[in-house]
Amino acid sequence: MARIKNIELPNEKQIWIGLTAIYGIGKSLGKTICLNANVSPETKVKDLTDEEITRLRKEVENHVVEGDLRRNVQMSIKNKMEINCYQGVRHKKGLPVRGQRTNRNAHTRKGRGKVVANKKKVGK
């Protein structure tokens, strides 16, 4: 079992895909890390030697991933909210930030519709 940045990589996957389990590493960066560490991207995680794992760890250390990246993202969101820029206001209101429409399809940010009670009709 390979453990990089306190993340267990899935054993049955190829190493370049297994690295995507680490926050901040996608498919292309996973391939780049493998090539820079002189590890074949197609080898399975369970077949890695200890030497290869240490080379991968050193290569991952050169990138901002996991806790540091999460902290940077949260700090930038807090900063936008403090200075009341447009994106910060959208974050505060829980609305989509990047220009998506909200009248039809923003349920992941807004949540399901809230029921509004109807006023009673005055009978004549």
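GNM, the chain, Cα, under 10 Å: largest mean-square fluctuation among LYS80, LYS93, LYS114?
Of LYS80, LYS93, LYS114, the most mobile in the Gaussian network model is LYS114.
When the chain is treated as a GNM, springs tying every alpha-carbon pair under 10 Å, which of ALA37, ALA21, ALA106 comes out with the largest mean-square fluctuation?
Comparing ALA37, ALA21, ALA106 in the GNM, the peak value goes to ALA106.
Can you work out the Karplus-derived ³J(HN,Hα) for every residue in region 82-88? Use 6.51 cos²θ - 1.76 cosθ + 1.60 with θ = phi - 60°, whole Hz, and x for glycine or proline.
Each residue's phi maps through the Karplus curve to give 5, 8, 6, 6, 4, 5, x Hz.
Which cross-chain or sequence-distant (5 or more) residues have an amide H under 5 Å from the amide H of ILE4, H modelled 1.01 Å from N in plane?
Excluding prolines and chain starts, which carry no amide H, the hits are LEU9.
Compute the distance in nm between two label points, each set 7 Å from the Cα along the Cα-to-Cβ direction, one at VAL64 and one at GLU82.
1.6
ASN38: net charge of surrounding residues, Cβ under 12 Å, Lys/Arg +1, Asp/Glu -1, itself excluded?
Here the count lands on -1.
Using θ = phi - 60° and the Karplus relation 6.51 cos²θ - 1.76 cosθ + 1.60, list the HN-Hα couplings for region 57-65 in order, rounded to whole Hz, with x at every Gly or Pro.
4, 5, 5, 5, 4, 6, 10, 7, 9
Which one, [x] 46, 18, 11; [y] 28, 14, 13; [z] 90, 22, 15, gives semi-axes √(5λ) of the Cα gyration tensor in Å as derived from the coordinates shown?
Of the labelled values, this structure produces [x].
Per the 1.4 Å probe, what fraction of the accessible area of region 29-124, in percent, lies on carbon and sulfur atoms?
50
Could you state the accessible area per residue of the chain in Å², with a 1.4 Å probe and every protein chain left in place?
Here the per-residue accessible area is 76 Å².
In a shell of Cβ-Cβ distance under 9 Å around GLY88, excluding GLY88 itself, what net charge do Lys and Arg (+1) and Asp and Glu (-1) give?
+3
In whole Hz and in residue order, list the ³J(HN,Hα) couplings for region 25-37 that follow from phi through the Karplus curve 6.51 cos²θ - 1.76 cosθ + 1.60, θ = phi - 60°; x for Gly and Pro.
Along region 25-37, the couplings run 10, x, 5, 5, 5, x, 5, 4, 4, 4, 5, 5, 8 Hz.
The values are calculated or read from the model by the stated rules, or taken from the named source; none is laboratory data. On a predicted model such as this, the values are computed, not experimentally measured, just so you know. Heads up, the Cβs are rebuilt from the backbone with ideal geometry, glycines too, and the neighbour counts pull from every protein chain shown. Note: accessible area is taken over every heavy atom of the protein model, side chains too, but ligands, DNA and RNA are not part of it. Shrake-Rupley method; radii C 1.70, N 1.55, O 1.52, S 1.80 Å.
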